[in-house]
Structure formats: structure tokens, C-alpha cells
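Working notes, structure below.
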Amino acid sequence: MIEKPSPIRAGWKVVALSAAAYVFIVFPLAIIWHLVLFKSTYDNLGYIGREEPGFLLGFASIAIQGVLLALFFPFIYRNGGRLASGIKFGLFLGAYHWTIHVVAAAAKAPIEPVGLFFLLESSYLTLQFGLAGIAIAFIQLRKQG
């Protein structure tokens, strides 16, 4: 019996490309979203507490997330096309990230109104993880058919 090849590409080059795609999508999106488009709103909410954002730490955090997500994708991929798999991957991990990022921030900091914060950050994370999940799936999965 002949086995089908795995639909998942393997190797460090794939991990590096996936992580780079995540950084390329997320770092500029985070800056534009939090420090340009909605800066005054976040300031009024009390979410951003530093005068000068720590760009180096933010970049390092995003780069580490990219590597971890790139390594994790093959473990949760089951089947399906690249677009659907990317959306499922992104939304699943985005939901996990939401619980440790948005809910935890609202629990620890005096952010008011919380509803507006939830709306903004939920929208941001949906965009972030939706786009990044699709990019990672397109890099890691072979075209089927």
C-alpha cells in the first residue's frame, strides 16, 4: 500500500518562514492599531502605562510567539484546506491568547470602560490571529489537489 505524503511541510526553513510571516504581520499591526489608530482611546482607557513603548521587548515577544506558533501548527492540524485550516488555527489560538491577554489585563489594571477595551482588543486579536493563522497555514501546508 502506498501512503500519501504528509500535507505538512517540515523543517527549520518552514518554521523560520512561518515565524517571520507572523512577525511581519503582527508587529506593524500592533503599532498601527495601538499607537496610531486607537492611541487616544487606549490612553483614555488606561491600558498603555508607559510614556515610551518598549519596542524591543514588544518585538521580542512577537518573535517568540511566532516561533512557538510555527512549531505548534503541525501538532493541531487535522485536515482540510489551507484557508480553512489557517482560520481555525488562528481563531483557536487567538481565543486562548484573548483569555490570557484581554481578560487578564482587565482583571489586573483599572481599565475603564471594560466593554470598550474588550471590543477593541477582541477586534485586534481576531485580525491578528486570523491573518497570522492563514499565513502560517499557507506556508506549512502543501497545496492539495
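The values are calculated or read from the model by the stated rules, or taken from the named source; none is laboratory data. Please read these numbers as outputs of a predicted model, since none were measured by experiment. Quick reminder, even Gly has a Cβ in these numbers, built from the backbone with ideal geometry, and neighbours come from all protein chains shown.
When the residues of the stretch 117-128 are filtered to those that are among the hydrophobic types (A, V, I, L, M, F, W, C) and surrounded by 15 or more Cβ atoms within 10 Å (Cβ to Cβ), which remaining residue is nearest to residue 43 (Cα to Cα)?
Residue satisfying both the conditions and the ranking: 117.
Give me a count of the residues in the stretch 5-48 that are of a type outside the set (S, T, N, Q) and in a loop (DSSP other than H, G, I, E, B).
Total satisfying the criteria: 9.
What are the residues in the stretch 44-94 that are small (Gly, Ala, Ser), under 30 Å from residue 112 (Cα atoms) and modelled with pLDDT under 90, if any?
Those that are small (Gly, Ala, Ser), under 30 Å from residue 112 (Cα atoms) and modelled with pLDDT under 90: 46, 49, 54.
Tell me, please, whether a residue that is over 17 Å from the mean Cα position of the chain (by Cα) and aromatic (Phe, Trp, Tyr) can be found in the stretch 82-104.
Checked against the condition, which is being over 17 Å from the mean Cα position of the chain (by Cα) and aromatic (Phe, Trp, Tyr), the stretch 82-104 yields no hits at all.
Within the stretch 14-23, is there a residue that is among the hydroxyl-bearing types (Ser, Thr, Tyr), under 13 Å from residue 133 (Cα atoms), modelled with pLDDT of 90 or more and within 17 Å of the chain's Cα centre (by Cα)?
Yes, some residue in the stretch 14-23 is among the hydroxyl-bearing types (Ser, Thr, Tyr), under 13 Å from residue 133 (Cα atoms), modelled with pLDDT of 90 or more and within 17 Å of the chain's Cα centre (by Cα).
Return the pair list, or none, for Cβ contacts closer than 9 Å from residues in the stretch 20-49 that are over 25 Å from residue 136 (Cβ atoms) to residues that are in a helix (DSSP H, G or I) and β-branched (Val, Ile, Thr), at least 6 apart or on different chains.
Cβ pairs passing all conditions: 45/114; 47/41.
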